[in-house]
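What follows is one structure encoded as structure tokens, with my remarks underneath.
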Amino acid sequence: MIYLHHTHLKSLPFLKILVTALGEIPAHGKEKVFNQIQNKIKNNNLSTIVLIDEAHLLGSDAFIDLRLLVSSAVEASDGLKIVLFGHSDIKKELKRSRHESLHQRITIKYQLSPMTENQTRQYINFQLRRVNSSEKIFEEEVKNDIHKYARGIPRIVNNIATACLINAYIENQQKINNGILLKTLKDIEII
């Protein structure tokens, strides 16, 4: 399994990172790098799974290269499996006519919806339990307000909650109340 997150790169540097992650030294030239990837996948006895984070930042050429890799890997025993993670913009990009064949090859499509207010409270509680902290450090009303300002988006919930914890520490507070939340929201420019 390979995890890639340098998706803002042009096609060739992206492919070179993939070759390196496969344990090879990248050759010179796109065609040679592409062949290295194909050969490594073909000679691998197991499926090669590539996780691509921030895939919405991939350029059009990189999507074309991924399609070519997936197409060529069909001949390999277990082939290449690619998992794309990204913002909802990726759906629009994949539906463009030039990427239609890649879009058709995607077996499973899943979009993470924003959390409900209850899920946000449970998520904050879970994160606090993971670090052996009390769930009661955040007042329940604050958890609900975090949900409201974060719109249920986990990354924003994390950012707000973490900033609240830092502000509570700085102010030597044991509980995160609405005062700390409001200061935090101003600090991180949400309000």
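Things to note:
- When the range 9-49 is filtered for residues that are among the hydroxyl-bearing types (S, T, Y), closer than 13 Å to A62 by Cα and without any contact (Cβ under 8 Å) to a residue 24 or more places away in the chain, nothing remains.
- The range 159-191, residues that are of a type in the set (A, V, I, L, M) and over 16 Å from L128 (Cβ atoms): I170, L182, L185, I188, I190, I191
- Subset of the range 117-144 [outside any helix (DSSP H, G or I) and either assigned by TED's automatic domain parsing to the domain that holds L80 or in contact with a Lys or Arg (Cβ under 8 Å, 6 or more places away or on another chain) (or both)]: F138, E139
- Some residue of the range 57-79 being exposed (fewer than 14 other Cβ atoms within 10 Å of the Cβ) and within 30 Å of I153 (Cβ to Cβ): yes
- The set of residues in the range 128-149 that are within 23 Å of the chain's Cα centre (by Cα) and closer than 14 Å to N118 by Cβ comprises I146, H147, K148.
- Among all residues of the range 87-104, there is none that is in a strand (DSSP E or B), surrounded by fewer than 17 Cβ atoms within 10 Å (Cβ to Cβ), of a type outside the set (S, T, N, Q) and assigned by TED's automatic domain parsing to the domain that holds S11.
The values are calculated or read from the model by the stated rules, or taken from the named source; none is laboratory data. This is a predicted model, so every value here is computed, not measured. Cβ atoms come from the backbone with ideal geometry, glycine included; neighbour counts cover every protein chain shown.
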